[in-house]
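**Student:** First the structure, which I've put down as structure tokens, then a few questions once you've had a look.
The values are calculated or read from the model by the stated rules, or taken from the named source; none is laboratory data. Worth saying up front: this structure is predicted, and the values here are computed from it rather than measured. Cβ: placed from backbone, ideal geometry, glycine included. Neighbour counts: every protein chain shown.
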Amino acid sequence: MRQFKTFAAFPLIVLGIFLACDRRNTTPKNAAPTNTETINLSPVIHSGQTQVFREVKQVTLLPGSVLDQLGAIADPARPFNATDVVDRKLPMQQLIVAGVSEKYCIVSYWRGGIVLALRTNIFQLSEGKAKLILVSNGQGGLNFRDLKDMVESGRIDNDMSTSKH
């Protein structure tokens, strides 16, 4: 009879261990959300600025001053004019990924036309205004981690003097 009681308690002990382990593997309440990254902008804008950026995947979550400069742009996976066959109801650009901090906004997007092109812009944000400080044609991130790595590596060129914005 004593063996039976020990055996019956075994599933409860296993469950207790499982729940204790499961609690240790959860994200602490004070941990940063997974959609934020600290990005060092020094390699591309030489300002020594390191900022915490929040990932943005919806156009409506970009600052209005940035949207004013970008013009019409579709959300990721939404239709846009990727080629030179233009539907006037659709924008010529599609957001890939963006990051917004207190002082900066980085936007990677597709720009349609004769050639579909990847483009990345960095804006400096101040007093409700956005100042375009970097334009990179053909370079950027296809996801938030790529965008961070590209900026911090310094491999992203500033084509502002040679591009139309």
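**Student:** Identify the residue in segment 49-77 that is touching a residue at least 40 places away in the same chain (Cβ under 8 Å) and under 12 Å from the mean Cα position of the chain (by Cα) and, among all such residues, is nearest to Glu127 (Cα to Cα).
**Tutor:** Leu62
**Student:** Find the residue count for segment 129-162, including only residues that are among the small types (Gly, Ala, Ser), surrounded by fewer than 13 Cβ atoms within 10 Å (Cβ to Cβ) and either closer than 25 Å to Pro79 by Cβ or at pLDDT 95 or above (or both).
**Tutor:** Filtering segment 129-162 for residues among the small types (Gly, Ala, Ser) gives 130, 136, 138, 140-141, 153-154, 161.
Going one step further and asking which of them are surrounded by fewer than 13 Cβ atoms within 10 Å (Cβ to Cβ), we end up with 138, 153-154, 161.
From the residues that got through so far, the ones that are either closer than 25 Å to Pro79 by Cβ or at pLDDT 95 or above (or both) too are 138.
Qualifying residue count, segment 129-162: 1.
**Student:** If we scan segment 83-95, do we find a residue that is closer than 21 Å to Thr36 by Cα, at pLDDT 95 or above and touching a strand residue (DSSP E or B) at 6+ places or on another chain (Cβ under 8 Å)? Reasoning before the result, please.
**Tutor:** Initial filter on segment 83-95 (closer than 21 Å to Thr36 by Cα): 95.
Remaining after also requiring at pLDDT 95 or above: 95.
Right, trim to touching a strand residue (DSSP E or B) at 6+ places or on another chain (Cβ under 8 Å) and you get 95.
Yes - at least one qualifying residue is present in segment 83-95.
**Student:** In this structure, does Ile106 turn out to be closer than 23 Å to His46 by Cα, modelled with pLDDT of 95 or more and buried (at least 21 other Cβ atoms within 10 Å of the Cβ)?
**Tutor:** Taking the combined requirement at face value, the residue satisfies it.
**Student:** Next up: Would you call Leu132 of a type in the set (A, V, I, L, M, F, W, C) and touching a residue at least 40 places away in the same chain (Cβ under 8 Å)? Talk me through it step by step, then tell me what you get.
**Tutor:** Values: of a type in the set (A, V, I, L, M, F, W, C): yes; touching a residue at least 40 places away in the same chain (Cβ under 8 Å): yes.
It is true that Leu132 is of a type in the set (A, V, I, L, M, F, W, C) and touching a residue at least 40 places away in the same chain (Cβ under 8 Å).
**Student:** Of Thr36, Thr50, which residue is at pLDDT 90 or above, touching a Leu at 6+ places or on another chain (Cβ under 8 Å) and not hydrophobic (A, V, I, L, M, F, W, C)?
**Tutor:** Numbers: Thr36 fails: touching a Leu at 6+ places or on another chain (Cβ under 8 Å).
Criteria check complete, one pass: Thr50.
**Student:** What residue, of Ile122, Ile96, Ile106, Ile133, is over 19 Å from Gln49 (Cα atoms), among the β-branched types (Val, Ile, Thr) and assigned to a strand (DSSP E or B)?
**Tutor:** Of Ile122, Ile96, Ile106, Ile133, the one residue that is over 19 Å from Gln49 (Cα atoms), among the β-branched types (Val, Ile, Thr) and assigned to a strand (DSSP E or B) is Ile96.
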